[in-house]
Structure formats: structure tokens, C-alpha cells
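Following: one structure in C-alpha cells, then a few remarks.
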Amino acid sequence: MIFQIPVPDLKKPPVLKFPERCANCGKPKEETLGISLHMGAQHRNRTVTLDLKVPMCKACADRERSIAKVTLIPFLIVGFIFGAIAFVPATLISPEGTTPQTMTFPLVFGGFVGLVVGIITGTVGEMIVKTLAVPFYGKFVTRRPLTILSFFSETDDLLGVSAKFLREKKLVQLEFENEEIAREFAKLNQLEPQ
Ligand SMILES: [Zn+2]
């Protein structure tokens, strides 16, 4: 279920309330995890953020904290292995430098090829691991930005919750995997799902 919440004044983002139970599985709340969305505005010399305090049970919070196991870690491991494998032949086929300035060229070339191959294979590896992780982490895990794109991404995700700030439209988009929680959230904040 998707909600689009207007933020008419970027300096005063709305305060959103969550049901007092785990936003992912609905079990009693044991912890709170945060999502901060940057509003791209300044107020009293401070960057304005919309802070979401999302209740979670301990099991889901632990799983959320270990999400790197299915995102960053497979990316790094797969990328490193294949990058290293590609490095050797790339170094060998590279034209050899003859002057002191170009002597290191095979290493630079090999390193470059290794990096490109590493990023590509790491990303593919990450996609595969994420897909395999769906039964444990929920289907939202596959929608998380890939590690290689996450530096440019405006979204923020927790297990079962995905938040995004659409700056041009001045809308905060919130999506819940759990329909029951979404309905309670709608009631608490007097919102209509899209
Ligand atoms: Zn839970």
C-alpha cells in the first residue's frame, strides 16, 4: 500500500505516527528504527529532515541491521573475486610500456578492467543474493537500490517500509509491505492510500 503525503512547507515537514507495533510483521514493538529524509531546505542554519520513527520487533530490527549480508557483502565478495580473476589476463594482454612513465601501464589497465568487471559481477551477484533472500527479508529487499547506485539514491528503506522524498512534487512517498499496518497507519495519520 502506497501513501503520498504532501509537504507544502519544506521547513516544517509533517510528523507521521506509526502504529505501536512492528511495521514489518505486526508483533509487539521492541525497538524503534529511524529513517531521515532530507527536505533540501535549511531552517535556522540546520538542514531540515523528515524523521520517521518506525517501530520494530527485535527480530525484524536485527534482520534490518544485518541487511548488508544480502546487499553490500555479496557485492564486495563477488566483485572482488571476479575483479581479481579479470585483473591477471588484463595485465598480460596489456601493451607493455617502454619508457619509465608507461612501465606501470599493464597494472593500471589490469586494475581498471578488474574494477569494471568487479562492479558488474558484484552487482549481478548482489541481485541474485537479494532474490534468494526474499523469504527471509521480504519482497521489498529486491527494491533496495543496488550498492553501486545507493550513493545517488534518495530512497530509504527498512524491512517492510520504503520511504522516498519526491522533491519536485513535494511529496513523501511511503510504502508498506504489511497491509494491516498500512491501514492502521492511514487511520492514525488520516491518510488515504494511493
Ligand atoms: Zn517484526
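Numerical summary
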read-out	value
Criterion violated by residue 136 - all others in (1) touching a strand residue (DSSP E or B) at 6+ places or on another chain (Cβ under 9 Å); (2) loosely packed, with under 15 Cβ neighbours inside 10 Å satisfied	(1)
Residue within the stretch 45-55 that is of a type in the set (S, T, N, Q) and over 25 Å from residue 185 (Cβ atoms) present	yes
Test: residue 10 is crowded, with 16+ Cβ neighbours inside 10 Å, away from the ligand (no atom under 16 Å from the Cβ), more than 19 Å from the chain's Cα centre (by Cα) and not in a helix (DSSP H, G or I)	yes
Per-region count, the stretch 139-165, residues surrounded by fewer than 16 Cβ atoms within 10 Å (Cβ to Cβ) and either without any contact (Cβ under 8 Å) to a residue 40 or more places away in the chain or in contact with a Lys or Arg (Cβ under 8 Å, 6 or more places away or on another chain) (or both)	10
Meets criteria (more than 17 Å from the chain's Cα centre (by Cα) and either within 16 Å of the ligand (Cβ to nearest atom) or surrounded by 13 or more Cβ atoms within 10 Å (Cβ to Cβ) (or both)) for residue 80	yes
Residue within the stretch 53-61 that is out of contact with any Asp or Glu (no Cβ under 9 Å at 6 or more places or on another chain), surrounded by fewer than 16 Cβ atoms within 10 Å (Cβ to Cβ) and modelled with pLDDT of 95 or more present	yes
Residues being under 28 Å from residue 126 (Cβ atoms) and within 11 Å of the ligand (Cβ to nearest atom) - total across the stretch 34-69	10
Considering residues of the stretch 88-121 that are modelled with pLDDT of 90 or more and not hydrophobic (A, V, I, L, M, F, W, C) only, the residue surrounded by the fewest Cβ atoms within 10 Å (Cβ to Cβ)	89
Residue among 181, 85 that alone is farther than 25 Å from residue 34 by Cβ and either modelled with pLDDT of 95 or more or of a type in the set (S, T, N, Q) (or both)	85
Qualifying position, being in a helix (DSSP H, G or I), closer than 30 Å to residue 48 by Cβ and in contact with a helix residue (DSSP H, G or I) (Cβ under 8 Å, 6 or more places away or on another chain), among 181, 119, 148	148
Residues that are at negative phi, free of Cβ contacts under 8 Å to residues at least 40 places away in the same chain and not in a strand (DSSP E or B), drawn from the stretch 23-52	27, 29, 30
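The values are calculated or read from the model by the stated rules, or taken from the named source; none is laboratory data. Only a predicted model underlies this, so the values are computations on that prediction, with no experimental measurement involved. All Cβ positions, glycine included, derive from the backbone under ideal geometry; neighbour counts span all protein chains shown.
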